[in-house]
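The values are calculated or read from the model by the stated rules, or taken from the named source; none is laboratory data. In this text the structure is predicted, and so the values were computed from the model without any measurement. Here the Cβ positions follow ideal geometry from the backbone for every residue, glycine too, while neighbour counts run over all protein chains shown.
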Amino acid sequence: MKFTISKEAFLDAIQQVQHVVSTRTTLAILSNVLLRVRDGSLELTTTDLDVGVSGSVSADVEDAGATTLPARRLATIVRELPAAEVEVSVDEKNVASIRSGPSFFKVNGLSSEEFPPLPKFDGAREFKIDQAVLRDCLRKTSYAISTDETRYVLNGILFSFKNNALTMVATDGRRLAMVEQEIEFPQSHETDFIVPTKAVNELSRLLGDSGTVAIRVTGSQVGFDLEGSFLVSKLIEGNYPNYRQVIPGEAKERIALERETLLRAVSRVSLLASEKSNSVKLQFSPGQVEIVASSPEIGEAREALAINYKGPAITIAFNPEFLMAPLRNLTADEVHLHLIDEISPGVLRTGSNFLYVLMPMRVNS
Amino acid sequence: MAMPAPRVIFHLDMDAFYASVEQRDHPEWRGRPVIVGSPPDRRGVVCAASYEARKFGVRSAMPSVTAGRLCPDGVFVRPRMDVYRDESKEIMRIVAGFAGELVQQVSVDEAYLEVTDRLPRAAEDTVAAHDAMLASAVPMAEEIKAAIRKERGLTATIGIAPNKLLAKIASSNFKPDGLTLVLESEKVRFLRPLPVGALHGVGKVTEQALHKAGIYSVADMQDFEGDLRPYVGSWAEDLRKMAFGDDDRPLDLGDDIKCISSENTFLKDTAHRPTLRQCLREQADEIAGRLQKRRLAARTVQVKVRYSDFTTLTRQISVEEPLADSAMIYRLSCWLLARHELVKRPLRLLGVGVSGMVDVVTWDTQLVLPLEFPRPPGTAPA
C-alpha cells in the first residue's frame, strides 16, 4: 500500500476520527486508526466498539491496500511534518514509512484484518435531515443530558420519529430540554431510540452548515451518513421515561425576557451564590424582575431588569447553571418564561419548537 | 434475679400535627376535613390529614388524587414546613421545661421523655413500687398536655410506661388527646391483644415469617412454646423479650448521626430477585423515614451483602446532591448490586446504609421532575 497526500488534508482527516479512540483500551487494535486506500481516496476509521467513525479524503494512490496505525501517534507526527506533501508506504508486515521533505518515520502498525468492522445498516430505516438543522437541535438539547451513570437511559438524547416530526429530548431529572422539527418520512418508519452522549458529541463535531445527513437505524445501532464521513453508534438499551407527562400544561404567567440580557444578569448575580445555596432567586413584580443571590458567609448580589410583567409578585429560585445553559445555547433574541408557582416547574420557550422545563429549588434558609 | 432499675418514660405524640396547626391558624377549617399536601388535581401526596379527614379513609402518604376522590369536600392545604418547624420548637421548649435534657425528639411532632429522676424514688425494688412510681407521673403528663393546649392551642397524646417500647404503643393506640398509663404489672396483659406488627422493628418480612409459625398476635408469641429462631433467626431472643414488654433501650440523645442502616438476614439464603428487591424497598423506606424524621439527607449510599460462607462485601456510591427519599435510596442500592454483580450467589444477608449526613435545613433543595422510569426490559415486577 502506498499513497501521497497533502499534509493539511491528512491531518484534518485524522483529527476528524481520532476523538473516538479511547485512551484506556485493553485492546491494542482500538488505539489504531484503520487506513484504507483505493480509487484515489484514503478512508480512515476508528472505533471503541460503542462508537465508530470513518471519513475519507482524496489522495494520490499508487498501491491500494489497508493497514492500521496508532491513531494519536500518527496525528502528532503528521502535525509536525515539515513539508506540504506526505508519502506513506506500508509493507506486508504493517510497518509504515512516512516521508515528508527531509524527515522519515517508521511506525509499526497492526494488520487491518484485526480491526473490528463497523456494523452494516442493510434494511435499516432511513431518515434525512439538513445537517445544520440537526446540529442546531443537538446544541439546544445536549447540555441537559444526564451524566449520572446510575440512570443510563438518560445518558443520551432521545430521538423520537413520530407524526412526521423528529422530537429530541435530553433530561437529567431536574431539567428537560426538548426540540421538535418537522421532517417527512413514511409512517411505517416511526421509531424511538436513544443516542449515547459520546456519539452526540462526535456528531456535533462532524455536522456542517450545509448538506444533509441520512440517519439509519436498526434495533441496536444507529448510523449517521454525513456525505464524506460516517458515524455509527450503539444505541442505549432501555426505555426513555415518559417525558410528556412532566411538561406542565397550564401556565399562569408568561413572561417575555431578553435572552442575552437575562443570561448576563444571572451570570453576574450567580457569582455570589454559595455552595450550600446554589440558587438565584427571580423576584417578579409589575414591570421588573430582580435577580438575587445571597449567602451568609459571602455576601449578596442583586440586579433588576425592566420587563413587561403585569402579574402578581412571584419569587422563584433556580440553580443558575441550569437557567443559563439553554440561554447560552439558543440564538433567539427573546425567550418566554412560563411560571405557575414557586414550587412548580418553570418552562422556557422560544419559537414553537423549543422548550425547556426547569424544576425550581426550594430555598430553606 | 436482679431487676433492672425502674424507669418512667413518656412518649409524646402531637395529634394530626400539621393538620391541627392549620385548623388552629384557620378557625374556619375547624371541624372540617383538612388535608395537608398537594392539591388533589396535582401529582403528589398527602402529608397529614385531620381526624375529620381520616374518617373518609384519607391517610398520610396517600396520593392526593386518591384523597380527593375519598374526600371530595376536603380542605386541601399546601404544607407550611417553616411554621410546623417553629411550632415544633415551641412544643419541645415546653416539654424541656418538664423533662430537662432528657428529651429524645424523634420527629417534628414526637418525642420520648425520661422523667424517672423527677419522681419520688420507689421505696423498694418491687413491681408494686414501680407501679406506684408510674402512677405518680400522671399529673406531670396532664400538666404537659395542658401547657401545650394553653400555650399552643394544640392537643397531644402521651403514653406513660416503664420503657420506650410500651410508651410508644400506649400513645399510638389511644389518640387523639389521650393519656395512657401502662403499669409494670399490667404490661404483659396490655400487649396480648395487639398484632405482632405493633412491636418495635417488626416489619412485613418478620411478620410473614411469624405468621408461618402461627403467630399473629403478641399473645400468640407469648404463648409460643417452641424455638422462634428458625423463623426469625438471631432476633428471636429480643423479640421474645419485647413480647413480654421488656425493653431497656436508653433515650437516644446523641445529635450526631453518622450513618443510618438497615439489614436483613434471610430465613433461607436467596438470590431470588423479587425477594431481594422487596427487601431493598422496605429497607430504603425505613432509612428514608428515619432520615426524614431527623431532617437529614445523605450523600453516600452503601449496600452490604453476606454470602452463605459468611464472606461479607460492601459497595458504595456518593452523589452530588444529598438524598433523602426512599425511591432514590432504593434505586442506587439496586444499581450498586447490579454494577458490582453482587448477587451471583445466594445471599445470607442484605443491607442498605446511608452516610455523609447533611442537615436538610441548611441546604436548598433542587426539586426533581416527576419522571416515571419504565422497568428495564427483561425484569420481572417485584
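Please go through the range A:332-344 and pick out each residue that is within 12 Å of another protein chain (Cβ to nearest Cβ), in contact (Cβ under 8 Å) with a residue 40 or more places away in the chain and of a type outside the set (D, E, K, R). Once the filter is applied, which keeps residues that are within 12 Å of another protein chain (Cβ to nearest Cβ), in contact (Cβ under 8 Å) with a residue 40 or more places away in the chain and of a type outside the set (D, E, K, R), the range A:332-344 yields A:ILE340, A:SER344.
Every residue, every condition in (1) within 14 Å of chain B (Cβ to nearest Cβ); (2) of a type in the set (A, V, I, L, M, F, W, C); (3) over 23 Å from B:SER38 (Cα atoms), yes or no:
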position: A:ILE236; (1), (2), (3): yes, yes, yes
position: A:ARG244; (1), (2), (3): yes, no, no
position: A:ILE247; (1), (2), (3): yes, yes, no
position: A:PRO326; (1), (2), (3): no, no, yes
position: A:LEU330; (1), (2), (3): no, yes, yes
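Answer yes or no: is there a residue in the range B:211-223 that is assigned to a loop (DSSP other than H, G, I, E, B) and out of contact with any Phe, Trp or Tyr (no Cβ under 7 Å at 6 or more places or on another chain). So far as the range B:211-223 goes, yes, one or more of its residues are assigned to a loop (DSSP other than H, G, I, E, B) and out of contact with any Phe, Trp or Tyr (no Cβ under 7 Å at 6 or more places or on another chain). A:PRO345: of a type outside the set (Phe, Trp, Tyr), under 28 Å from B:ASP41 (Cα atoms) and in contact with a helix residue (DSSP H, G or I) (Cβ under 9 Å, 6 or more places away or on another chain), yes or no? Considered against the rule, which asks whether it is of a type outside the set (Phe, Trp, Tyr), under 28 Å from B:ASP41 (Cα atoms) and in contact with a helix residue (DSSP H, G or I) (Cβ under 9 Å, 6 or more places away or on another chain), A:PRO345 comes out as yes. Of the residues A:VAL347, A:VAL280, A:VAL357, A:VAL289, the single one that is more than 14 Å from chain B (Cβ to nearest Cβ) and either among the acidic types (Asp, Glu) or surrounded by 18 or more Cβ atoms within 10 Å (Cβ to Cβ) (or both) is A:VAL289.
Annotation: of all residues in the range A:171-185 being over 15 Å from the mean Cα position of the chain (by Cα) and more than 14 Å from chain B (Cβ to nearest Cβ), the one that is nearest to A:LEU337 (Cα to Cα) is A:GLU180. The set of residues in the range A:186-196 being more than 14 Å from chain B (Cβ to nearest Cβ) and surrounded by fewer than 19 Cβ atoms within 10 Å (Cβ to Cβ) consists of A:PRO186, A:GLN187, A:SER188, A:HIS189, A:GLU190, A:THR191. Every listed requirement among (1) within 14 Å of chain B (Cβ to nearest Cβ); (2) buried (at least 16 other Cβ atoms within 10 Å of the Cβ); (3) over 20 Å from A:TYR356 (Cβ atoms); (4) of a type outside the set (Lys, Arg) is met by A:ALA199 save one, (1). Apart from one condition, A:ILE316 fits all of (1) surrounded by fewer than 19 Cβ atoms within 10 Å (Cβ to Cβ); (2) within 14 Å of another protein chain (Cβ to nearest Cβ); the exception is (1). Residues that are of a type in the set (A, V, I, L, M, F, W, C), modelled with pLDDT of 95 or more and within 25 Å of A:SER233 (Cβ to Cβ) within the range A:76-119 comprise A:LEU110, A:PHE115, listed in sequence order.
Within this structure, A:GLU297 fails the test of being part of a strand (DSSP E or B) and more than 21 Å from A:MET359 (Cβ to Cβ). Among strands (runs of 3 or more DSSP E) entirely within the range A:176-255, having at least 2 residues that are outside the structural domain of A:VAL20 (by TED's automatic domain parsing) and of a type in the set (S, T, N, Q) singles out A:229-234. The combined condition, being part of a strand (DSSP E or B) and outside the structural domain of A:GLU43 (by TED's automatic domain parsing), is not fulfilled by A:VAL266. When B:GLN316, B:GLN292, B:GLN302 are screened for being modelled with pLDDT of 90 or more and either of a type in the set (S, T, N, Q) or assigned to a loop (DSSP other than H, G, I, E, B) (or both), only B:GLN302 passes. Scanning the range B:287-330 for residues that are among the acidic types (Asp, Glu) and within 14 Å of another protein chain (Cβ to nearest Cβ), we see that the one that is nearest to the chain's Cα centre (by Cα) is B:ASP325.
Could you tell me whether B:PHE17 is closer than 25 Å to B:ASN173 by Cα and either among the β-branched types (Val, Ile, Thr) or touching a Pro at 6+ places or on another chain (Cβ under 7 Å) (or both)? When the stated conditions are applied, B:PHE17 does not pass them. Taking the criterion of being surrounded by 17 or more Cβ atoms within 10 Å (Cβ to Cβ), over 24 Å from A:GLY211 (Cβ atoms) and in the same structural domain as A:ALA214 (by TED's automatic domain parsing), would at least one residue in the range A:124-144 satisfy it? Scanning the range A:124-144 turns up at least one residue that is surrounded by 17 or more Cβ atoms within 10 Å (Cβ to Cβ), over 24 Å from A:GLY211 (Cβ atoms) and in the same structural domain as A:ALA214 (by TED's automatic domain parsing). Taken together, the criteria exclude B:THR311 from residues that are in contact (Cβ under 8 Å) with a residue 12 or more places away in the chain and not small (Gly, Ala, Ser). Do we find that B:VAL305 is within 12 Å of B:LEU350 (Cβ to Cβ), touching a strand residue (DSSP E or B) at 6+ places or on another chain (Cβ under 6 Å) and not hydroxyl-bearing (Ser, Thr, Tyr) in this structure? Here the answer is yes, as B:VAL305 does meet what is asked. The listed residues are A:ALA273, A:ALA301, A:ALA293, A:ALA256, and the only one of them that is over 26 Å from B:ASP41 (Cα atoms) and in contact with an Asp or Glu (Cβ under 6 Å, 6 or more places away or on another chain) turns out to be A:ALA256.
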